[in-house]
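Structure first, commentary second.
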Amino acid sequence: MKELSDCRVLIVDDVKANVDILVQALSSDYKLSVALGGQQAMDAVRRSAPDLVLLDIVMPDIDGYDVCQRLRAAEETRELPIMFLSSLEDVKNKARGFEVGGNDYLTKPFEVLEVKARVRSLLKAKAYADAVKAAAERDLRIAREIQTGLLPANVSARIKGTGLDVDAVLEPAHLVGGDLYEVLRLGVDRVLVAVGDVSGKGIPAALFMAVAMTLLRSMARLGHPPEQILRQLNDELLEQNPRGMFVTLQCMVFDLAKRSVTCASAGHHAAVRVIPGMAPSLAFTSSGRVLGLMPSEDIASETVELQPGETMVLFTDGVSEAFDANQDLFGEERLMAQLEGASGRTARETTMGVLDAVRRHAAGAKQSDDITVVSVRYDGAGSQERRSSS
């Protein structure tokens, strides 16, 4: 926990005599900064956020109420402790101070001992809250490492010799999230690719994601077709699901000997299929219910013949539902436009092209959902053909 002597207090008052009193009272206990007006205070906080602000209200440029509201509106200073020190002693003034986000309010003239006691109390509370937050973030980072470890590693080695080029990216909106993907070699000629999205965010979604990933991996290795894998996964998730969570999932099995791909979907967005010389189109649009909520017999599969040079792009709604600062969605049309001509790109180029397009659209707006993109490119040769020619 941070030592109180290392805390910095920003004193904001346009009357130098008031500033001198506070500096004399606090300089032996804390680090101090001074601003002689509201705009100076905002500039000082932008340069380096203090641990506490002692804020006058009546100032010639920006008043203390406005300063407080601006600090509360900014993500990085939302929790910054603010104590008003003002000659306005009417109850309505005090009430407004708390309404705009102040943590404390003391009227002038004040007793130095009371100021020191309240400053110490606010700083102790902030130091404790910061320590708790740091511990939580440390635990989340560890959870993130564990969750990342569940995702398939060294995908290129897994699919070597199959005629597929696969690339995937997963960017959680928080340190941990509920998106998942799997790339699994089921045999010489068969590769499973799946993408899913768990309801909710944070630790609960991450835990449910881990369960879904483990079950998916185990059931896929039994060699069943995609629709049966999803049905069995749904049955297992139904067994113990006290919070009523669910996962959408799209599961594809590429059969390189037959040059075909079979897909089953449970409440998940259709993939985009990019074939050379053709406009991108949605593939495998039929879907059953989401997994984990109720028994489901409506999950079916579709099979299409693979075309040389084609690419399948699987994604979660963090792509199509990415917002910009004006709450405008990235949407399906922008995704299709981005994938024009993707048949000539590697899987990595396709994946990163989609991710970059989403980032450009967001233009710095806060990410609201996990983003996952998986691109699967087929080079046109089955693995049986590759073995016979080697």
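The values are calculated or read from the model by the stated rules, or taken from the named source; none is laboratory data. Bear in mind that the values here come from a model prediction, so they are computed numbers and not experimental data. Because the Cβ atoms are built from the backbone with ideal geometry, glycine has one as well, and the counts that use them run over all protein chains shown. These accessible areas exclude ligands, DNA and RNA; they are computed on the full protein's heavy atoms, side chains included. Shrake-Rupley method; radii C 1.70, N 1.55, O 1.52, S 1.80 Å.
Within the bounds of region 2-22, is there any residue that is farther than 29 Å from Val132 by Cβ, of a type in the set (Gly, Ala, Ser) and surrounded by 13 or more Cβ atoms within 10 Å (Cβ to Cβ)?
No, the conditions are met nowhere in region 2-22.
Name the pairs whose Cβ atoms lie under 8 Å apart, with the first residue in region 66-83 and of a type in the set (Gly, Ala, Ser), the second open to solvent by less than 70 Å² (accessible area, probe 1.4 Å), and 6 or more positions between them or separate chains?
No pair meets every condition.
Condition (residue is surrounded by fewer than 18 Cβ atoms within 10 Å (Cβ to Cβ), part of a loop (DSSP other than H, G, I, E, B), on the phi > 0 side of the Ramachandran plot and not hydroxyl-bearing (Ser, Thr, Tyr)) applied to region 163-185: is it met by at least one residue?
No, that holds for no residue.
Can you tell me which residue in region 148-162 is surrounded by the most Cβ atoms within 10 Å (Cβ to Cβ), limited to those that are more than 17 Å from the chain's Cα centre (by Cα) and in a helix (DSSP H, G or I)? It would help to see each step written out before you state the result.
Our first condition is that a residue be more than 17 Å from the chain's Cα centre (by Cα); within region 148-162, this holds for 149-150, 152-162.
Now drop any that are not in a helix (DSSP H, G or I), which leaves 149-150, 155-158.
Details: Gly149: 9, Leu150: 15, Val155: 23, Ser156: 13, Ala157: 8, Arg158: 15.
My answer is Val155.
Looking at region 1-36, which of its residues are over 17 Å from Val67 (Cβ atoms), hydrophobic (A, V, I, L, M, F, W, C) and either in a helix (DSSP H, G or I) or in contact (Cβ under 8 Å) with a residue 40 or more places away in the chain (or both)?
Met1, Leu4, Cys7, Ala17, Ile21, Val23, Ala25, Leu26
What number goes with the only condition from (1) over 22 Å from Ile146 (Cα atoms); (2) without any contact (Cβ under 8 Å) to a residue 60 or more places away in the chain; (3) under 24 Å from the mean Cα position of the chain (by Cα) that Leu238 does not pass?
(3)
For Ala357, only one of the following conditions fails: (1) of a type in the set (A, V, I, L, M); (2) farther than 30 Å from Ala206 by Cβ; (3) free of Cβ contacts under 8 Å to residues at least 40 places away in the same chain. What is its number?
Unmet condition: (2).
For the structure I just gave you, tell me whether Leu52 is touching a Pro at 6+ places or on another chain (Cβ under 6 Å) and not hydroxyl-bearing (Ser, Thr, Tyr).
Yes; evaluated as a whole, the condition is true for this residue.
Scan region 37-59 residue by residue and report those that are more than 21 Å from Val100 (Cβ to Cβ) and either open to solvent by less than 60 Å² (accessible area, probe 1.4 Å) or in a loop (DSSP other than H, G, I, E, B) (or both).
Once the filter is applied, which keeps residues that are more than 21 Å from Val100 (Cβ to Cβ) and either open to solvent by less than 60 Å² (accessible area, probe 1.4 Å) or in a loop (DSSP other than H, G, I, E, B) (or both), region 37-59 yields only Ser48.
Among the residues of region 242-259, what is the count of those that are under 16 Å from Met209 (Cβ atoms) and either open to solvent by 30 Å² or more (accessible area, probe 1.4 Å) or in a helix (DSSP H, G or I) (or both)?
3
Which of the residues that make up region 84-142 are touching a residue at least 12 places away in the same chain (Cβ under 8 Å), loosely packed, with under 14 Cβ neighbours inside 10 Å, of a type in the set (A, V, I, L, M, F, W, C) and within 23 Å of Val19 (Cα to Cα)?
Result: Val112, single match.
Looking at Ala44, Ala73, which one is within 32 Å of the chain's Cα centre (by Cα) and under 24 Å from Ser27 (Cβ atoms)? Spell out how you get there, then give the answer.
On the way: Ala73 fails: under 24 Å from Ser27 (Cβ atoms).
Just one listed residue meets the conditions, Ala44.
Given the conditions (1) among the polar types (S, T, N, Q); (2) farther than 30 Å from Arg231 by Cβ; (3) open to solvent by 30 Å² or more (accessible area, probe 1.4 Å), and given that Thr303 satisfies all but one, which numbered condition is not satisfied?
So the condition that Thr303 fails would be (2).
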